[in-house]
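Coordinate-derived values only; no laboratory data. Note that this is a predicted model, so its numbers are computed, not measured. As a convention, Cβ positions derive from the backbone with ideal geometry for all residues, glycine included, and neighbour counts pool all protein chains shown.
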Amino acid sequence: MNFLDAAFVQDFIRMADDGWQQGWHERNGGNLSYRVKAEEVEAVRENFAPGEWRPIGTSVPALAEEYFLVTGSGKYFRNVSIKPEDSICMIELDEKGENYRIVWGLVNGGRPTSELPSHLMNLEVKKLQDPKYRVVYHAHTPNIIALTFVLPLEDKVFTREIWEMATECPVVFPQGIGVVPWMVPGGREIAVATSELMKKYDLAIWAHHGMFAAGEDFDLTFGLMHTAEKSAEILVKVLSMGAGKRQTIQPDEFRQLAKAFKGDLPEEFLYEK
Ligand code: 2HA
Ligand code: ZN
């Protein structure tokens, strides 16, 4: 099968384009990765032209010998649907999970996303918890970023505030949201901090930078990012009106919501303000 005809490749490209259309991917901002299923690898294997092994910059033994579709470093989300073979690549990991090689894509040269350590460490944490998780998405979502300048950089504050601004939020991400303080992007240190939070959450905010989302498929992961960012937009509007909140969803109402949706909302986020 032609690589670009594969459904998982088409779905990846559509998600990148959806993110671009949301305005979350200025220039080369943001990155996307997908842990490819074994049968999907076999369906496109005839297209592979393996390159040289290179270090990942971290170690992800639980992902050894797996394949990933990822955006390229310095590449623009704007171009993913226009010239995918130049903008994205498929990589294979070695038997230790310490090196990768490109097997398809980036036809004009280049490397996988600068955030490859964060993507792979997050995908590893998620796979170990639940093998159904396959997608990790990083976007520069402006309203979440704006809030990192005015709210305390605490999981419990961001979770509660984002939950309050849209009733669907606690239903969509009942585990909450983690917050990483400002750190230098692109390396192992921020990857370790993010993957620690991913043990508890599906969403992690990078202060003054953006957000990471993890999910089972493209729709769920994009939907998660979209839902949190929309709720942040509502909070930005409310704060901008200057009067503060006259009324909001109360702790007991969150408990009723949890009951109605047969879920569980951790009490740590339902404190009295
Ligand atoms: O430029 O978003 O975090 C890609 C990024 C780095
Ligand atoms: Zn970024």
Helical segments meeting 27 Å axial Cα length and Kyte-Doolittle 0.0 threshold in the chain (DSSP H): 218-241
Local electrostatic count at residue 180 - Lys and Arg +1, Asp and Glu -1, tallied over other residues with Cβ under 12 Å: -4
Rounded if a/c under 1.5, otherwise prolate or oblate - region 199-273, Cα gyration tensor axes: oblate
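Once you've got the Cα coordinates, tell me which of 127/199; 37/262; 75/237 are over 21 Å apart.
Those over the limit are 37/262; 75/237.
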Charge dipole (debye, nearest 20) of the chain; +1 at Cβ of Lys and Arg, -1 at Cβ of Asp and Glu: 620 debye
Centroid-to-centroid separation of region 138-188 and region 220-273 [C-alpha atoms, Å]: 11 Å
Cα shape, the chain, gyration tensor, a/c 1.5 rule: prolate
Cα-based reach from residue 273 at 16 Å (exclusive), listing aspartates and glutamates while leaving out same-chain residues under 8 positions away: 154, 155, 161, 164, 252, 253
Largest-first ellipsoid semi-axes for region 12-102, taking √(5λ) over the Cα gyration tensor eigenvalues, angstrom: 24, 15, 12
Gyration tensor verdict on region 104-233 (Cα atoms; rounded if a/c is under 1.5, prolate if a/b is larger than b/c, oblate otherwise): prolate
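When the helices in the chain are scored as -39500 (n - 2.57) per DSSP H run of 4 or longer and the sum is shared across all residues, what 222 nm value do you end up with, to the nearest 500 deg cm²/dmol?
-12000 deg cm²/dmol
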